[in-house]
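Peer 1: Sharing a structure, written as structure tokens. Questions coming.
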Amino acid sequence: MVSQPYKIPIGRHSGKSNCPAPLAARQIRQRGSLIVEILVAISILGVAALPLMSSHVFVQKHLRASYQHAVAMEMLDGEMEILLAGEWREFPQGHQNYRLQGDAAKNLPPGRATLTINGRHVRLEWTPDRGHGKIVREADAR
């Protein structure tokens, strides 16, 4: 008896091996369609998310500017109270730079504070180097 070589079943599942049967052309097309649908869904989500990301950046910048403006107002209010309590007499008449005291000053963007004393009228002003947002406090000392 002549032994014949073992033939590996191709194209059909013979039940003798653990190999799955090859996919039919219809199943291949269905899987391809599913992949295309997933790619389209991901691209739609990506396009929808872009405006949300840009609005988040805008809100973040606006909140930072609002926080810095609030810090500057609080700093000037505190310094103005100190000046009006009698500290203004330590400064010469006229316009001069003023150094803001306190740890919160490091949260301010680059800028400068100026003090103007004209008689008993005291004016404290903070101006940022970039943009707008000048803050002014002025009062008449007693």
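Peer 1: Can you name the residue in segment 94-122 that is over 16 Å from residue 139 (Cβ atoms) and polar (S, T, N, Q) and, of all such residues, is surrounded by the most Cβ atoms within 10 Å (Cβ to Cβ)?
Peer 2: Here the residue is 107.
Peer 1: Sticking with this structure for a sec: Among the residues of segment 97-142, what is the count of those that are in a loop (DSSP other than H, G, I, E, B) and over 28 Å from residue 63 (Cα atoms)? It would help to see each step written out before you state the result.
Peer 2: Of segment 97-142, the ones in a loop (DSSP other than H, G, I, E, B) are 99-102, 108-110, 119-120, 129-134, 141-142.
The next check asks that each one be over 28 Å from residue 63 (Cα atoms); those that pass are 119-120, 141-142.
The number of residues fulfilling the criteria is 4.
Peer 1: Then there is this: In the set 28, 38, which member is at pLDDT below 90, of a type in the set (Val, Ile, Thr) and either farther than 30 Å from residue 121 by Cβ or under 43 Å from the mean Cα position of the chain (by Cα) (or both)?
Peer 2: After applying the criteria, what remains is 28.
Peer 1: Does segment 59-68 contain at least one residue that is modelled with pLDDT under 90, under 30 Å from residue 118 (Cα atoms) and of a type outside the set (Phe, Trp, Tyr)?
Peer 2: Scanning segment 59-68, I find at least one residue that is modelled with pLDDT under 90, under 30 Å from residue 118 (Cα atoms) and of a type outside the set (Phe, Trp, Tyr), so the answer is yes.
One line per residue, one yes/no per condition, for (1) within 30 Å of residue 140 (Cα to Cα); (2) hydrophobic (A, V, I, L, M, F, W, C); (3) touching a strand residue (DSSP E or B) at 6+ places or on another chain (Cβ under 7 Å); (4) not in a loop (DSSP other than H, G, I, E, B):
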{"site": "37", "(1), (2), (3), (4)": "no, no, no, yes"}
{"site": "41", "(1), (2), (3), (4)": "no, yes, no, yes"}
{"site": "45", "(1), (2), (3), (4)": "no, yes, no, yes"}
{"site": "55", "(1), (2), (3), (4)": "no, no, no, yes"}
{"site": "73", "(1), (2), (3), (4)": "yes, yes, yes, yes"}
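Peer 1: Restricting the first residue to segment 120-142 and requiring it to be at pLDDT below 95 and polar (S, T, N, Q), which pairs with a second residue that is surrounded by 17 or more Cβ atoms within 10 Å (Cβ to Cβ) and assigned to a strand (DSSP E or B) meet a Cβ separation below 7 Å and a spacing of at least six or different chains?
Peer 2: Every condition considered, the pairs that remain are 127/111.
The values are calculated or read from the model by the stated rules, or taken from the named source; none is laboratory data. What you see is a predicted model; the values in this text were computed from it and never measured. Neighbour counts are summed over all protein chains in view; Cβ atoms, including those assigned to glycine, are modelled from backbone coordinates with ideal geometry.
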